[in-house]
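Student: First the structure, then my questions, so here it is.
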Amino acid sequence: MKISLKKIVLLKQQEQELQDRLEQVREEIRFIESLTEEQLDFYEKRSLNSNIKARDNSKQDSFIQYVKEKLKKQGRSYIWLARQINKSGGSVYGWLSGTRTINEENIRKIEAVLEKGGSND
């Protein structure tokens, strides 16, 4: 039985999306493991409160996808991005995981950094 090329391409895209999601989960695990008990309590409360509202915003979702693609193409991480815009890794991770809403000022900062490629530090 032959599987069409279109179906193979679709399956490859799904595989990549799953691999990307797995990497996000691993990053979140590493981030959470680095938190103190007090930070963890704050993180859990904040995540629960903002998760629903952030997930409903498709404009944010499109921007998040754009950021992830640019970072991947540039071989950069969310930690690198956080340093470039002078924000915490936790904030940027929250934005890219969709648990926090990115305000307009930070969107502009992120776009500027990604467009120029940032510094190599």
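The numbers here are math on the coordinates, done by the rules we state, and not lab data. All figures in this text were calculated on a predicted structure; none of them were measured in a lab. Methodologically, a virtual Cβ is constructed for each residue, glycine included, from the backbone with ideal geometry; neighbour enumeration extends over all protein chains shown.
Student: Residues of the stretch 80-120 being hydroxyl-bearing (Ser, Thr, Tyr) and within 14 Å of the chain's Cα centre (by Cα), which ones?
Tutor: If the condition is that a residue be hydroxyl-bearing (Ser, Thr, Tyr) and within 14 Å of the chain's Cα centre (by Cα), then 88, 91, 93, 97, 99, 101 are the ones that fit.
Student: Take the stretch 87-121 and flag every residue that is within 18 Å of residue 59 (Cα to Cα), assigned to a loop (DSSP other than H, G, I, E, B) and in contact (Cβ under 8 Å) with a residue 40 or more places away in the chain.
Tutor: Result: 98, 99, 100, 101, 102.
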